[in-house]
Every structure is written in C-alpha cells, then in structure tokens.
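Here is the structure we will look at, set down as structure tokens.
Taken together, the values in this text are just the output of simple stated rules run on the coordinates, not laboratory data. Not measured: the values here are computed from a predicted model. Note: ideal-geometry Cβ built from the backbone for every residue, glycine included; neighbour counts use all protein chains shown.
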Amino acid sequence: MNADCDPLQTMKNRKFSPFIYSLATLVIMLALVLVGRSFVPDRVQITILGTTDLHGNILPIDYYTNKPDNRGLAKIATLIKRVRKEQPNVLLIDSGDTIQGTPLESFHGRKNNQPIDPMMLVMNSLNYDSMTVGNHEYNFGLKVLEKARSEAKFPWLSANTYDKGKEQTHYKPYIVKDIAGVRIGVLTSEYCVVDVVLVLRVEGVGVV
Ligand SMILES: [Zn+2]
C-alpha cells in the first residue's frame with residue numbers, strides 16, 4: 001500500500017466500547033445455548049484490525065530526530081492487545097510498505113542484515129494473519145525482501161505479482177481464515193487502495 005499515510009490512521013478514530021463487546025459476548029453465549037444441538041452460534045462478532053504504511057516505525061519516536069512522536073507499532077500493539085482481550089475473534093492484517101522508511105530499517109537493510117528483520121520480529125509477536133507486499137518492500141533488494149519474508153510467521157500476499165514468464169503468482173494471492181466458524185478471505189494486490197476482506201461462507205444461520 002502506498003498512500004504513505006499515518007501508521008495510526010486506521011486506529012486513531014477507533015473507540016473501543018467494553019459495553020458493546022460485553023453485549024456481543026452475551027449474544028454469542030445466548031446463541032450457543034439456544035442453538036444447543038450445534039456449536040455454531042447464529043451471531044458471531046469478528047473484529048478486523050488493519051495497519052498500513054508502518055514504514056519501519058516501531059518505537060513512538062521520530063527515528064530521524066530521536067524525539068517522541070505519536071507513531072509506531074509499539075503504540076499500536078497496545079491497542080491490538082486491548083482489542084484481543086475484549087474480543088477473541090480478531091483478524092489482524094497489514095497492507096504493506098513495512099520494512100523500509102526509518103534509519104532502523106535502512107541500517108538493517110544496508111549495513112547489518114544478519115538479525116531478524118525488526119518489523120517481522122514485532123509483527124510475529126503480535127500474531128499478524130497476513131501482510132500485503134508494498135512497493136517499498138523492494139527498496140533494499142530482493143535478498144533483503146526474501147529474508148524478511150522468510151522470517152515472518154504470517155504469509156506475505158500479492159495477487160498480482162508474477163515472476164517473469166510464469167503463470168503463478170510469486171506470493172500467495174490470498175488467504176482464507178476460519179474464525180469462529182466464519183470463513184474469511186483476504187485478497188490483496190500491490191498498488192491497490194484497500195485490501196479486500198470477504199466473508200466466503202458462514203457455518204451458521206446468519207451473519208451480522
Ligand atoms: Zn507507504
């Protein structure tokens with residue numbers, strides 16, 4: 001993703017309501033009791049969290065000036081952990097432009113690529129489900145890109161990136177996750193404005 005937007009953009013206006021989540025939990029529990037013969041509830045709440053254009057920002061500082069700044073995956077981690085505590089059914093995706101953009105990643109990509117990529121290290125610990133490949137993933141060359149990709153515990157996705165002369169996409173084009181009985185597809189493409197999240201099939205009576 002290439003909008004170069006604030007990494008907290010997708011989060012900053014989000015308000016988390018314990019009441020709503022408590023209510024949702026109650027609805028799900030009631031559904032489980034009422035359905036009885038099946039373990040599939042008739043109502044499931046799934047929260048989709050997305051980050052984009054993280055650009056190598058982890059700590060809440062401006063990496064060029066070393067001054068505190070309202071950015072970075074560490075701050076987002078706090079929000080992610082809070083949501084996971086309130087709502088177990090979470091899909092967490094990143095839309096790319098991830099491993100380039102700060103002196104931290106420049107040093108890693110150009111001077112010392114031996115350790116695990118810092119962004120992959122943090123994103124692994126946060127249990128991301130997938131990451132779309134952004135154009136800036138290529139900034140330090142394919143070797144650095146493929147090393148970071150191999151270190152991720154989640155797939156890197158792109159439905160429109162091909163090796164020359166090949167029919168198959170270089171990356172996984174999509175994933176399908178089963179969350180609380182609901183099959184959700186994440187289909188992505190480089191230079192796309194948003195990743196597409198599809199509810200493919202619901203193993204229940206309905207979906208909200
Ligand atoms: Zn970007």
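Some notes on this structure:
- Per DSSP, loop GluC sites (Glu not before Pro) in the stretch 124-189 with at most 10 further Cβ within 10 Å: GLU167
- Ratio Rg/Rh, restricted to the stretch 78-162 and using Cα atoms, in which Rh is the Kirkwood radius: 1.00
- Of the trypsin sites (Lys or Arg not before Pro) found in the stretch 107-156, those in coil by DSSP whose Cβ has at most 13 other Cβ atoms within 10 Å are LYS111, LYS153.
- Among residues other than TYR63 with Cβ under 11 Å from its Cβ, the summed charge is -1 (Lys and Arg +1, Asp and Glu -1).
- Label-point separation in nm, THR161 to LYS143, each point 7 Å along Cα→Cβ: 1.9
- As a rough footprinting exposure proxy, the listed residues VAL176, VAL133 were ranked by other beta carbons within 10 Å of their own, and the order from fewest upward is VAL176, VAL133.
- Selection from MET120, GLY134, ALA74 lying farthest towards where the dipole of the stretch 59-180 points positive, charges on Cβ: ALA74
- Exposure proxy shown here: for SER150, SER130, the number of other Cβ atoms within 10 Å sets the order, fewest to most, as SER150, SER130.
- Take the Cα of LYS81, step 7 Å toward its Cβ, do the same at GLU151, and the gap between the two points is 2.2 nm.
- Too-long pairs where the Cα-Cα distance tops 30 Å, listed order kept, from LYS111/LYS166; LYS75/LYS147; LYS81/LYS164; LYS67/LYS143; LYS111/LYS153; LYS85/LYS143: LYS111/LYS166; LYS81/LYS164; LYS67/LYS143; LYS85/LYS143
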